[in-house]
């Protein structure tokens, strides 16, 4: 891996991506996007994590984009189990040569933070959804201003009941945006960025890597939700739908000058397909329409849901500038009797 860049930029100031000179070694023609949803609001987290590596190996894609895998221990559990097939890995907590960055301290260090988390563990431990954890923490513990981004993400993804053990007494890194890339071929260039500079309960970001001569972006865009917009520091968005749309515009702006790009992940948006059986309802359709001014999503042609709960298509392997015959399939809703995630994986072959 030749270089790593950590970037933080405002949502309305998305710098154009400049493709570096790379060797282009190896092969990258099959791609898997999967939102692992390793969060307390989705049941059986430990069981699902235990089956995830074996499930990924069974799909045998050249490049894997995983979303919502936040904790260093979870990342290591996956990477250690798949290293023979996927020796190359990148996330926001990885540095050169596929190594994890040193943690140095716990995500929630300091006595002021400790007392806020003790309050959360006592008064908000019955909550699992991050929105309600946030509301409870602000109302009962005045926790928002006291918690760093890493601490906030750790608490939200571990749950208040586990916050002290996982976030205070454990010197581990937090992969704040939750994205991770696994690759058979070397990762020759990599960067990690957030969409906004402000702290958020659900802070989104993207990874951009160069693998086998291909520019690949892995991201999980803002959640599809009609709830009242609850992010304290980014109220200027007004709604989750608008934040999702701005992220789509950011992606298009960033890659406008690039002729060929692969875009992977749970983009939290997709088209309505009334003719599908069963019919597919639209999800943040303005965002999907924005992305498809530059990208195409070959999976959409199947007209098959990517959710185990709803008839929507939100996970994609999109491509720009490739003219070969694409081939996509729905994978990994269940593996060995275990529901791996509430999202199916999407596997696509995109010839170079």
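The values are calculated or read from the model by the stated rules, or taken from the named source; none is laboratory data. Worth saying up front: this structure is predicted, and the values here are computed from it rather than measured. Positions of Cβ are backbone-derived with ideal geometry, glycine not excepted, and every protein chain shown enters the neighbour counts.
Remarks
- Taking the conditions (1) touching a residue at least 24 places away in the same chain (Cβ under 8 Å); (2) part of a loop (DSSP other than H, G, I, E, B) in turn, residue 84 satisfies each one other than (1).
- Restricting segment 56-78 to residues that are touching a helix residue (DSSP H, G or I) at 6+ places or on another chain (Cβ under 8 Å) and assigned to a strand (DSSP E or B), the residue that is surrounded by the most Cβ atoms within 10 Å (Cβ to Cβ) is 66.
- All positions within segment 86-117 that are farther than 30 Å from residue 65 by Cβ and touching a helix residue (DSSP H, G or I) at 6+ places or on another chain (Cβ under 7 Å): 112, 113, 114, 116, 117
- Qualifying residue in segment 219-233 (condition: in contact with a strand residue (DSSP E or B) (Cβ under 7 Å, 6 or more places away or on another chain), closer than 27 Å to residue 176 by Cβ, in the same structural domain as residue 205 (by TED's automatic domain parsing) and buried (at least 23 other Cβ atoms within 10 Å of the Cβ)): yes
- Residues (crowded, with 22+ Cβ neighbours inside 10 Å and not in a loop (DSSP other than H, G, I, E, B)) located in segment 328-352: 343, 345, 346, 347, 348
- Some residue of segment 34-52 being under 27 Å from residue 148 (Cα atoms), over 18 Å from the mean Cα position of the chain (by Cα), surrounded by fewer than 15 Cβ atoms within 10 Å (Cβ to Cβ) and in the same structural domain as residue 216 (by TED's automatic domain parsing): yes
- If you go through segment 258-287 and pick out every residue that is part of a loop (DSSP other than H, G, I, E, B), in contact (Cβ under 8 Å) with a residue 60 or more places away in the chain and more than 21 Å from residue 203 (Cα to Cα), you end up with 3.
- Residue 230 vs. criteria out of contact with any helix residue (DSSP H, G or I) (no Cβ under 9 Å at 6 or more places or on another chain) and either more than 23 Å from residue 24 (Cβ to Cβ) or modelled with pLDDT under 95 (or both): no
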